[in-house]
Amino acid sequence: MAARAHAKLSPSGAERWLVHCTPSASLETQFPNSAGEAAEEGTAAHALCEHKLKKALKRRSRRPHSDFDSDEMEDCADGYVAFVVEQMQEIPNAMVCIEQKLDLREFVPESFGTADCLIVGDGILHVIDFKYGLGVLVDAEQNPQMMLYALGALTMFGSLYDVSKVRMSIYQPRRENVSTSWSISADELMTWAEKTVKPRAQMAFKGEGEFAAGAWCQFCRASPRCRARAEAQLTVAQDEFRLPPLLTDEEIADLLPRLPELVKWANAISAYALESAVNHGKKWSGYKLVAGRSVRKYADEGKVAEAAKSAGFKDIFEHKLITLTSMEKLMGKATFNEVLGGLIIKPQGKPTLVPESDKRPAIDVVSEFTNLEEKENG
Ligand code: SF4
């Protein structure tokens with residue numbers, strides 16, 4: 001299965017090079033573009049979606065296979081197909097393009113992209129993007145990747161279909177996120193292309209502009225070595241040491257939202273240093289490679305059982321239920337709910353501190369704590 005090719009200024013990185021940090025795309029070219037396992041899994045999931053959608057639309061397609069095949073991937077791809085079919089019904093006699101290659105060079109130097117699905121008709125262009133990732137929740141609103149796809153699609157079909165309105169949807173099943181139908185007029189989109197995309201893409205292509213560190217750095221290949229990111233994170237770390245003798249509540253509250261980035265950055269540096277040492281023999285001053293902690297295991301379970309039995313030990317096997325997830329896979333969702341629904345409990349998760357913007361409802365631990373104390377005291 002071929003991974004999708006990426007342009008230097010790829011739509012998938014547009015949030016970074018177009019919106020926040022224009023010189024990042026040039027800096028990244030010094031680092032190899034090695035797709036991680038999550039990216040490979042995403043490619044496999046996209047291939048399955050493509051196949052299932054083509055089949056649903058009675059088009060020829062051969063089923064792809066990969067090491068990532070799973071019931072979860074099947075379910076996600078089925079859900080995506082149902083979502084697309086539902087969207088198609090809103091535009092009568094629409095043309096549907098699947099995995100459509102788009103030329104973006106009119107707006108962005110040497111750039112191209114592939115849209116998962118385009119539905120065009122009745123003056124509307126609907127761009128749909130499937131996201132298999134779990135990490136970042138993706139929103140369709142003002143999403144520059146999708147807006148670039150829309151520009152490519154407008155160039156391709158706009159005049160043919162007299163498109164006046166562009167809709168965008170993200171289908172991200174593993175985060176239970178369907179960010180659907182954000183709309184923009186074709187005219188507004190073209191204004192954005194002229195006023196924002198073209199000038200910023202030129203800057204990005206030449207490596208011009210200011211470096212700007214932020215959440216988007218985690219997908220930048222230059223991030224472990226980037227000075228701007230290091231400076232941004234070290235300012236956070238220094239703040240912590242500069243304030244004697246104790247941090248105030250306000251200072252801790254100010255640090256909290258900055259810590260996840262600091263941790264990500266620190267992990268990225270560690271991973272980069274380890275990878276260079278293991279795979280390229282890089283020596284880091286004051287550091288050496290050692291074998292990590294390992295866990296003992298049976299060399300041959302059959303022989304272990306025989307040896308233990310002949311030594312007179314009987315209770316050497318344990319018998320336990322398969323996990324809840326395996327049980328659900330075994331029975332299928334509907335039967336699982338029918339047979340075991342009443343026997344499943346979901347305890348409340350451990351308290352987690354998250355920003356106010358998080359969608360989960362707040363829990364009131366103080367009153368829970370008080371209730372508990374009252375019960376205990378009689
Ligand atoms: S790591 Fe961040 S600041 Fe540095 S080039 Fe990449 S996006 Fe810009």
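Can you list the helices (runs of 4 or more DSSP H) found entirely within region 4-94 that contain at least 3 residues being within 16 Å of the ligand (Cβ to nearest atom)?
24-28
Is it the case that region 169-187 has a residue that's part of a helix (DSSP H, G or I), away from the ligand (no atom under 11 Å from the Cβ), within 28 Å of Asp129 (Cα to Cα) and at pLDDT 90 or above?
Yes, there is a match, as at least one residue in region 169-187 is part of a helix (DSSP H, G or I), away from the ligand (no atom under 11 Å from the Cβ), within 28 Å of Asp129 (Cα to Cα) and at pLDDT 90 or above.
Can you report the number of residues in region 114-124 which are open to solvent by 10 Å² or more (accessible area, probe 1.4 Å) and touching a residue at least 60 places away in the same chain (Cβ under 8 Å)?
1
Counting just the residues of region 272-303 that are more than 31 Å from the chain's Cα centre (by Cα) and surrounded by 10 or more Cβ atoms within 10 Å (Cβ to Cβ), which one comes out farthest from Asn33 (Cα to Cα)?
Lys303
Quick check, is Ala44 in the same structural domain as Arg63 (by TED's automatic domain parsing), in contact with a Ser or Thr (Cβ under 7 Å, 6 or more places away or on another chain) and on the phi < 0 side of the Ramachandran plot?
It is true that Ala44 is in the same structural domain as Arg63 (by TED's automatic domain parsing), in contact with a Ser or Thr (Cβ under 7 Å, 6 or more places away or on another chain) and on the phi < 0 side of the Ramachandran plot.
Enumerate the pairs (first residue in region 15-28 and among the small types (Gly, Ala, Ser); second residue anywhere and more than 9 Å from the ligand (Cβ to nearest atom) and open to solvent by 20 Å² or more (accessible area, probe 1.4 Å)) with beta-carbon separation below 6 Å, excluding pairs fewer than 6 apart on the same chain, so at least 6 apart or on different chains.
From region 15-28, the pairs are Ala25/Lys8; Ser26/Gly207.
Give me the residue from region 215-237 that is within 7 Å of the ligand (Cβ to nearest atom) and outside any helix (DSSP H, G or I) and, out of that set, nearest to Glu275 (Cα to Cα).
Ala222
Let me spell it out: the conditions are (1) farther than 16 Å from Glu72 by Cα; (2) open to solvent by 50 Å² or more (accessible area, probe 1.4 Å); (3) modelled with pLDDT under 95, and Glu28 meets all of them except one. Which number is the exception?
Answer for Glu28: the failing condition is (2).
Go through region 15-56 and count every residue that is among the polar types (S, T, N, Q) and closer than 20 Å to Met203 by Cβ.
5
Would you pick out the residues in region 185-210 that are touching a Lys or Arg at 6+ places or on another chain (Cβ under 8 Å) and either over 18 Å from Ala140 (Cα atoms) or buried (at least 18 other Cβ atoms within 10 Å of the Cβ) (or both)?
Matches in region 185-210: Ala186, Phe205, Gly209.
Please tell me if Ala38 is out of contact with any Ser or Thr (no Cβ under 7 Å at 6 or more places or on another chain) and in contact (Cβ under 8 Å) with a residue 60 or more places away in the chain.
Answer is yes for this residue.
For every residue, the table says whether it meets (1) open to solvent by less than 90 Å² (accessible area, probe 1.4 Å); (2) part of a loop (DSSP other than H, G, I, E, B).
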| residue | (1), (2) |
| --- | --- |
| Ile322 | yes, yes |
| Glu328 | yes, no |
| Pro347 | no, yes |
| Ile363 | yes, yes |
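Does Ala39 qualify as being in contact with a helix residue (DSSP H, G or I) (Cβ under 8 Å, 6 or more places away or on another chain), modelled with pLDDT under 95 and farther than 23 Å from Glu210 by Cα?
Taking the combined requirement at face value, the residue does not satisfy it.
The values are calculated or read from the model by the stated rules, or taken from the named source; none is laboratory data. Nothing here was measured: the structure is a model prediction, and the numbers come from that model. FYI the Cβ positions are ideal-geometry reconstructions off the backbone, even for glycines, and counts take in every protein chain you see. Ligands, DNA and RNA are excluded from the accessible area calculation, which covers all protein heavy atoms including side chains. Shrake-Rupley method; radii C 1.70, N 1.55, O 1.52, S 1.80 Å.
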